[in-house]
1. Count charges around B:LEU114 for me, please; just the other residues with Cβ under 15 Å from its Cβ, Lys/Arg as +1, Asp/Glu as -1.
2. Please state the shape class of region A:5-221: rounded when a/c is under 1.5, otherwise prolate if a/b exceeds b/c and oblate if not, all from the C-alpha gyration tensor.
3. State to the nearest 20 debye the size of the charge dipole of the protein assembly as shown about its Cα centre, where the only charges are +1 on K and R beta carbons and -1 on D and E beta carbons.
4. Nearest 20 debye, what's the magnitude of the dipole of chain A about its Cα centre given +1 on Lys and Arg Cβ and -1 on Asp and Glu Cβ?
5. Using only Cα atoms and rounding to the nearest 10 degrees, what angle (0 to 90) does helix A:5-38 make with the longest principal axis of chain A?
6. Between B:GLY293, B:GLY96, B:GLY62, which gets the highest mean-square fluctuation from a Gaussian network model of chain B, Cα cutoff 10 Å?
7. How about region B:99-178: which trypsin sites (Lys or Arg not before Pro) there are in a DSSP loop, with at most 10 other Cβ atoms within 10 Å of their Cβ?
8. Consider a paramagnetic label point 7 Å from the Cα of B:ASN336 along Cα→Cβ; state which residues of region B:311-325 have an amide N under 13 Å from it.
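Read the figures in this text as sums done on the coordinates, not as results from a lab. Predicted model only: the values in this text are computed from it and were never measured. With ideal geometry, Cβ positions are generated from the backbone for all residues, glycine too; neighbour counts draw on all protein chains shown.
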Amino acid sequence: MGFSDADLAAIWLTLRLAGITTLLLLLIGTPLAWWLAHTRSRWRGPVAAVVALPLVLPPTVLGFYLLLAMGPQGPVGQFTQWLGLDALPFTFWGLVVASVIYSMPFVVQPIQNAIEALGRRPLEVAATLRAGPWDRFWTVVVPLARPGFVTAAILGFAHTVGEFGVVLMIGGNIPGETRVVSVQIYDHVEAMEYAEAHWLAGSMVIFSFLVLLALHATHRHTTHGAMP
Amino acid sequence: MTERIQARLHLRYAGFALDVDLQLPGRGITALFGPSGSGKTTVLRLIAGLERTDDGFVSVNGEVWQDGRHFLPTHKRPLGYVFQEASLFPHLSVRGNLDYGRRRVCSAMDAEALERAVDLLGIAHLLTRRPDGLSGGERQRVAIARALALNPRLLLMDEPLAALDLKRKQEILPYLERLHDELSIPVLYVSHSPEEVARLADHLVFMQHGRALASGPCLELMNRRDLPLGQQEDGESILAARVVEHDAQDHLTRVAFTGGELWLPRHDLCLGHAVRVRIHARDVSLSLTRPGGTSILNILPATVVASSDAGPGQSLVRLDVGGTVLLARITRRSLNALALAPGQHVFAQIKSVALIE
């Protein structure tokens with residue numbers, strides 16, 4: 001025996017969700033991490049705290065407020081209605097929005113740490129060598145902070161794959177739309193289908209192990225950092 | 001086009017205020033010299049645009065880099081900058097580092113000129129290496145070549161030797177001297193080492209507490225007694241001279257300076273080579289008549305300019321030797337016995353002369 005069609009659908013959905021979420025997080029998280037690493041604004045503390053909230057909040061709390069916000073009466077719901085879109089709860093894109101928020105700290109913090117470790121000097125050097133701001137970002141920040149970006153992507157992806165509480169709160173359990181692997185496992189266990197649950201759960205254990213192994217490898221290969 | 005650098009800079013932050021108005025020559029090496037915390041590096045960073053001040057004014061040989069209304073960002077200023085630590089990009093090879101800036105400037109050195117600079121700095125054998133495999137001295141030479149490769153209009157060097165030990169310093173100084181001889185662009189050189197300044201600089205700005213206390217030709221300032229230039233506790237004179245003769249038999253070299261000539265132990269230098277020599281004030285004695293029958297080789301006619309107390313029983317006499325300043329440290333008893341007064345003609349006997357190197 002192996003994966004059923006429903007299992008495969010859940011796996012595919014999970015990978016799609018995690019992939020899209022990771023991509024969006026790198027796009028949103030990088031400027032945010034940059035700002036947090038460089039700003040002297042008094043908003044730095046509050047913003048950093050908000051970004052880190054998902055680390056400490058129970059997913060159900062997060063999911064609850066996201067549900068309210070994205071519902072027809074909530075501000076996000078009003079906005080999507082104004083745009084002429086369907087309400088986000090219980091849809092794939094609702095999950096994407098929730099996952100982006102839920103996994104934000106796992107992406108922002110490694111990038112922020114890498115940028116802070118880089119310091120201003122390499123950027124100043126690049127500026128004296130005539131590189132403009134974008135040029136400096138692509139030719140200095142990205143290559144030198146690459147371990148931070150890799151870590152951020154891996155953690156963001158893995159954390160999204162592993163989410164459960166938020167998905168249940170705002171996504172429900174719709175096959176092919178919001179039924180991700182963690183929910184599918186829950187369903188199997190509820191239905192006493194332990195063998196099926198084992199297949200999926202065991203795969204998750206192996207996946208997580210491999211992710212951590214990959215992380216370890218990226219850190220070992222890139223232990224330089226300071227400029228000589 | 002005016003051949004000069006102007007910088008009017010004000011900056012204020014907690015516990016520090018910088019306020020300078022500099023008019024510097026548009027060629028040669030100008031040293032910004034002073035104790036740490038005097039604002040030397042800040043001046044350099046402001047000129048480079050790495051630090052921002054809104055009401056500043058910076059112009060280099062007629063080209064305005066910033067005034068009250070305009071501020072050219074660092075990457076648009078035609079400058080080269082050598083940081084205290086070499087700050088090479090660790091993800092690029094030595095060649096990659098050299099090409100980083102060069103690729104971004106159309107007026108940069110061509111391959112041939114770069115090759116000459118690379119040879120001059122002695123880094124040709126390092127081009128394929130990674131920065132983390134280089135010694136501190138090698139890295140700093142690469143950083144200097146990287147800045148030169150841009151063909152900048154102004155080269156800024158922030159204590160390029162400070163992070164290096166004595167041996168590495170000795171390794172780089174000759175290269176800097178060669179640059180000085182071959183380079184036509186102006187260089188601003190931050191240093192707190194009187195040695196480096198005496199050896200390299202043409203012009204000197206002495207800074208303290210965020211202000212420029214004095215600015216002028218290097219030797220003139222170094223020989224001034226009213227500036228705390230660090231090395232002059234004992235009193236010494238630094239003279240610019242040129243090699244004019246070698247005496248192979250006696251193993252001596254003769255150098256000429258404005259106002260006279262000196263013999264010193266033989267150095268393997270080309271005739272005509274510009275050198276600087278140091279004479280400690282305690283090695284200079286004075287006589288009213290030309291001394292005869294003495295073992296001392298260097299005896300120069302001089303005129304007393306002034307004298308001042310220099311510790312218990314000691315006097316420092318400032319002499320003029322045909323336009324060059326010479327300091328002599330003698331006992332107060334001798335000063336009185338010889339009745340030395342300004343305008344008096346004397347003979348200065350110089351016991352030892354050292355080449356600065």
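1. +1
2. Since a/c reaches 1.5 but b/c is at least a/b, the shape of region A:5-221 is classed as oblate.
3. For this selection, approximately 1400 debye.
4. Magnitude of the dipole: close to 1360 debye.
5. Once rounded, one gets 30 degrees.
6. Maximum fluctuation in the GNM of chain B, among the listed residues, is at B:GLY293.
7. none
8. Only B:313-315 fall inside the zone, counting backbone N under 13 Å.
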